[in-house]
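What follows is one structure encoded as structure tokens, with my remarks underneath.
Derivation of every value follows stated rules applied to the coordinates shown; laboratory data play no part. Computed from a predicted model, the values in this text were never measured in an experiment. Heads up, the Cβs are rebuilt from the backbone with ideal geometry, glycines too, and the neighbour counts pull from every protein chain shown.
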Amino acid sequence: MTMVRQTRQRAAVIEVLQASRAHPDAAWIHAQVRAQLPSVSLGTVYRTLDALVRDGVVVTIERAGQATRYDYRHDGQDHHHAVCRSCGAIFDVAAEVLPVIPASGLPEGFQVTGVRLEFMGVCPGCTGIQATGAPPPNAH
């Protein structure tokens, strides 16, 4: 189902997503939208996010045991993600900096329609925390 009607609630959700580079979860998005539209429900936010995902405007980032995070497709640019295993921060990685990955090993006739790549590791801020036991200056 494609979003046909552009309601004030949907416009507000899109605006919040466009303004954020933090890969927020639905609860954070809901709180931001409520600042503009106090009566908007969390259910409306979830339905809007589901429709945006179906339309390809937003992608989900899912981690076991954590809330689903949402990534607005800024400028239509494909990108991947680096996820910090320590603090959970998610960073964008430009797709063009990666080599082309061959599709060998896929079943014969399988048609690739997209690739999502996640780099797992520890961000620079957390590396400093883990190495010294104390947070570095200006830690996130």
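Counting alpha carbon pairs within less than 8 Å and at least 6 residues apart, what relative contact order, in whole percent, applies to the range 1-74? Kindly include the intermediate steps, with their values, before the conclusion.
Numbers: 84 pairs, mean separation 27.2, N = 74.
Relative contact order here is 37 percent.
Between R85 and S104, what length in nm is gained on full extension when 0.36 nm per residue of separation is reduced by their alpha carbon distance?
Details: separation 19, 0.36 × 19 = 6.84 nm, distance 2.90 nm.
Residue separation times 0.36 nm, minus the Cα-Cα distance, leaves 3.9 nm.
Expected output is a single nm value to one decimal: the length gained when fully extending between L37 and Q66, i.e. 0.36 nm times separation in residues minus the C-alpha distance. What is it? Don't skip to the answer; put the middle values down first.
Values: separation 29, 0.36 × 29 = 10.44 nm, distance 2.66 nm.
Result: 7.8 nm gained on full extension.
For R47 and A11, calculate 0.36 nm times their separation in residues minus their Cα-Cα distance, and state this gained length in nm to one decimal. Show your work: numbers first, answer last.
On the way: separation 36, 0.36 × 36 = 12.96 nm, distance 1.29 nm.
That pair, R47 and A11, stretches by 11.7 nm at full extension.
Net charge near T68, counting Lys/Arg +1 and Asp/Glu -1 over other residues with Cβ under 10 Å of its Cβ? Kindly include the intermediate steps, with their values, before the conclusion.
Values: positive: R63, R69; negative: D25, E62.
Surrounding charge for T68 is 0.
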